[in-house]
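What follows is a set of notes on a single structure, which appears directly below.
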Amino acid sequence: MKNKTNPRRNFIKKSSMALVAGGVLPHFSAKSYARILGSNERILASVMGVNSRGNALAQNFASQDNCDVIHICDVDQRAITKCIDALKERQTVGAKGFGDFRKSLEDKDVDALVIAAPDHWHAPASLLAMKAGKHVYVEKPCSHNPNEGEILVQAAEKYGKVIQMGNQRRSWPNVIEGINALKAGAIGRVYFGKGWYSNNRPSIGIGKETEVPDWLDWELWQGPAPRKNFKDNLIHYNWHWHWHWGTGEALNNGTHMIDLLRWGMEVDYPSKVSSNGGRYRYKDDWETPDTQIINLDFNNGMTMSWEGRSCNGKNIEGSSVGVLFYGENGSMLIPGGDSYTIFDLQGKVVKEVKNTMKIDARNKMNPAEKLDALHIQNMFGAIKNGTTLNSDMDSGHKSTLLVQLGNIAQRMGRSLEIDSKNGHILNDNDAQKLWGRSYEPGWEMKL
């Protein structure tokens, strides 16, 4: 457990003594002092959605010397209790539980909201947090659909808050080194990049409509999504494979790899997008593809592709996840960890930089805690010192959008022509209907 003094308490004590000595009686509350510029050396965080990945994030944030997690928010009361208990091993400050994260946002002491709720919550919760004056750390994907991503980009500018997406590889040192080498010409002009993810996920079966468990606030779990009846095979992870709430494997894991490809190839919006695949392995309630190949063509003579296999875990290039860049003079592999390898045109290793720690890309809760802490600290630097974010919302939205366009092409069953200036779909009214979504009345996203 980290051993931390309380700078807010020390500041208040010293300031009060000084005021009394000067003949002035202090009249500010502890919260008032906490908001004085310079008095707050730590970020006070609230974490939303802590059943799995959010639990790991809460523990990681709590482990940072310049952060305390003071609120845990979840619609599952069991998850709140479990997470608060886990934090006792990470920090000396106790955390308070909230069934409704909006109550947490009302607390002026909260500096930042960390969002790891289901995908349909990412953008709406981010917007509500910024409106409440909070900074945001939102897990990928930053949005459920393209329209939400564009709203977040506008909101970040309008409300002036720091918002960082959880594409943590942007802050991993060896990955940064590899991308910089790529941009400096390590393999010459890059013209093709491919990414992949594989796993051996089981069937989710055929769900039955049952009574909502007494530990779950099903109404708030659905939040901005139009209402549906509860099924016994949906909570907590299988919502990923339903279009109504989730975004499939493409955004669940493909976002990371597409982001690396876009970063290394220095591209923004494609001119053409296609996708092939389907739900092949099992016959069950799973709607999104378990096998999918997304292709994106760019006007500057570049192409990238992503291969997702949710139900066949055969590795590619020795890794369940990774990207491979192809250039005029060779290729560069960035597998699942913080490493990279440069090859010449004959496949001979030119340079290899290895992992400094073991990473399990299939661990859906906490694959790389120490490396991810670098991404968290990058956000803290932006909040406290105005340093540049490794993944601001404009960048995060662009990477998310590329995979969303792949999913739209998949659902349409045809390729899409794209405006390379802004990423919008051209001349396809039916596809355009998937640019946004309908909301439960009262939950619409409004700037």
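Is it true that some residue in the stretch 250-261 is open to solvent by less than 20 Å² (accessible area, probe 1.4 Å) and not in a helix (DSSP H, G or I)? The answer is no, given that none of the residues of the stretch 250-261 is open to solvent by less than 20 Å² (accessible area, probe 1.4 Å) and not in a helix (DSSP H, G or I). Inspection of the stretch 119-131 identifies no residue that is in contact (Cβ under 8 Å) with a residue 24 or more places away in the chain and either among the β-branched types (Val, Ile, Thr) or in a loop (DSSP other than H, G, I, E, B) (or both). Restricting attention to the stretch 333-342 and to residues that are farther than 18 Å from ASN167 by Cβ and free of Cβ contacts under 8 Å to residues at least 60 places away in the same chain, the residue that is surrounded by the most Cβ atoms within 10 Å (Cβ to Cβ) turns out to be LEU333. For the stretch 331-341, the criterion of a residue being more than 13 Å from VAL175 (Cα to Cα) and either over 22 Å from the mean Cα position of the chain (by Cα) or among the β-branched types (Val, Ile, Thr) (or both) is satisfied by at least one position.
Residues in the stretch 193-246 that are within 14 Å of TRP121 (Cα to Cα), open to solvent by 30 Å² or more (accessible area, probe 1.4 Å) and not in a loop (DSSP other than H, G, I, E, B): GLU219 alone. Of the residues GLU177, GLU139, GLU157, the single one that is surrounded by fewer than 24 Cβ atoms within 10 Å (Cβ to Cβ), in contact with a Leu (Cβ under 8 Å, 6 or more places away or on another chain) and not hydrophobic (A, V, I, L, M, F, W, C) is GLU139. Identify all residues within the stretch 262-275 that are open to solvent by less than 20 Å² (accessible area, probe 1.4 Å) and part of a helix (DSSP H, G or I); write none if there are none. ARG262, GLY264, MET265, listed by residue number. Among the residues of the stretch 412-425, at least one is free of Cβ contacts under 8 Å to residues at least 40 places away in the same chain, assigned to a helix (DSSP H, G or I) and either out of contact with any strand residue (DSSP E or B) (no Cβ under 8 Å at 6 or more places or on another chain) or within 20 Å of TRP306 (Cα to Cα) (or both).
Table: residues versus (1) more than 17 Å from the chain's Cα centre (by Cα); (2) within 23 Å of GLY308 (Cβ to Cβ); (3) not acidic (Asp, Glu).
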{"site": "ASN200", "(1), (2), (3)": "yes, yes, yes"}
{"site": "SER203", "(1), (2), (3)": "yes, yes, yes"}
{"site": "GLU209", "(1), (2), (3)": "yes, no, no"}
{"site": "TYR237", "(1), (2), (3)": "no, yes, yes"}
{"site": "HIS244", "(1), (2), (3)": "yes, yes, yes"}
{"site": "THR247", "(1), (2), (3)": "no, yes, yes"}
{"site": "ARG262", "(1), (2), (3)": "no, yes, yes"}
{"site": "THR291", "(1), (2), (3)": "yes, yes, yes"}
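In this structure, ILE187 does not qualify as open to solvent by less than 10 Å² (accessible area, probe 1.4 Å) and under 25 Å from LEU434 (Cα atoms).
For (1) hydroxyl-bearing (Ser, Thr, Tyr); (2) surrounded by 19 or more Cβ atoms within 10 Å (Cβ to Cβ), each residue gets a yes or a no:
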residue	(1), (2)
ASN385	no, no
ASN390	no, yes
GLN404	no, yes
ASN407	no, yes
MET412	no, no
SER420	yes, no
LYS433	no, no
GLU440	no, no
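Listed here are the helices (runs of 4 or more DSSP H) enclosed by the stretch 1-118 that have at least 1 residues being crowded, with 18+ Cβ neighbours inside 10 Å and at pLDDT below 95: 7-21, 30-34, 53-63.
Looking only at residues of the stretch 183-192 that are outside any loop (DSSP other than H, G, I, E, B) and touching a Phe, Trp or Tyr at 6+ places or on another chain (Cβ under 8 Å), we find that the one that is farthest from GLN292 (Cα to Cα) is VAL190. Only a single item in (1) at pLDDT below 95; (2) surrounded by fewer than 18 Cβ atoms within 10 Å (Cβ to Cβ); (3) not hydrophobic (A, V, I, L, M, F, W, C) is not met by ASP394, and it is number (1). In contact (Cβ under 8 Å) with a residue 60 or more places away in the chain and in contact with a helix residue (DSSP H, G or I) (Cβ under 8 Å, 6 or more places away or on another chain) - does that describe any residue in the stretch 68-75? Among the residues of the stretch 68-75, at least one is in contact (Cβ under 8 Å) with a residue 60 or more places away in the chain and in contact with a helix residue (DSSP H, G or I) (Cβ under 8 Å, 6 or more places away or on another chain), which makes the answer yes.
The values are calculated or read from the model by the stated rules, or taken from the named source; none is laboratory data. Nothing here was measured: the structure is a model prediction, and the numbers come from that model. Backbone-built Cβ (ideal geometry, glycine too); neighbour counts: all protein chains shown. We work out accessible area using only protein heavy atoms, side chains counted, and drop any ligands, DNA or RNA first. Shrake-Rupley method; radii C 1.70, N 1.55, O 1.52, S 1.80 Å.
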